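To start, the structure itself, in structure tokens.
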Amino acid sequence: MRRAGAKFKLPRAKYGIFAGILYFAAVAGFIAYVFMPKTADASSEERLYIPSIGLIARVKNIERQGNQLIAPDTIAGAYQPTNHKTVIIGHSSTVFSNLSNAKDGEVITFDDHNYRISEIKILEKRLIDMDEIVSETSVNTVILMTCYGEPLGGQDYTHRLIITAEEI
């Protein structure tokens, strides 16, 4: 019979098995968390592909709010201001984390149409003219935009990375 206040002792052999099971559970839990599909809006679907940076992105249609486009948290948002232009935005900390590695001249796919990157520029946030970004074009064009530069707090940065791609 065990007396009150006695410490529980696990035999050495059982300790090794217990430690192994605990280690396996921790590793399996971490792997499951990292590779588990993230929740995406039901209205989003995989519509943007940039093979060179390994991007396969879900995209949700969004609306302009005043002079701003508000990016969804973990997916990209697409705004179509004209018949020939779509502006796709996303956070540089999530969906567009590798967008700065895209190269001029490479081909991307959006909504089953191929586009060639024709311009990559970085602008200070205060210098961005949204009217110019959403203006009409004669060629089907996709504009990709994300934060860049130094953090300002929250999910905002000093600059924007803006990539223009025209349909081929």
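A few comments on the model shown:
- DSSP-loop chymotrypsin sites (Phe, Trp or Tyr not before Pro) across the stretch 85-168, with at most 10 other Cβ within 10 angstrom: none
- Taking θ as phi - 60° and the Karplus parameters 6.51, -1.76 and 1.60, the scalar couplings of the stretch 77-94 work out to x, 10, 10, 10, x, 9, 5, 10, 9, 10, 9, 10, 10, x, 6, 6, 8, 10 Hz in sequence order, x denoting glycine and proline.
- Once backbone amide H atoms are built at 1.01 Å from N, LEU55 has ILE50 as its partners under 5 Å, excluding neighbours fewer than 5 places away on the same chain.
- When the GluC sites (Glu not before Pro) in the stretch 70-168 are filtered for DSSP coil states and for at most 10 other beta-carbon atoms within 10 Å of their beta-carbon, the remaining sites are GLU136.
Only the coordinates and a few stated rules stand behind these numbers; no lab work does. Remember, predicted model here, so these are calculated numbers, not experimental data. Cβ: placed from backbone, ideal geometry, glycine included. Neighbour counts: every protein chain shown.
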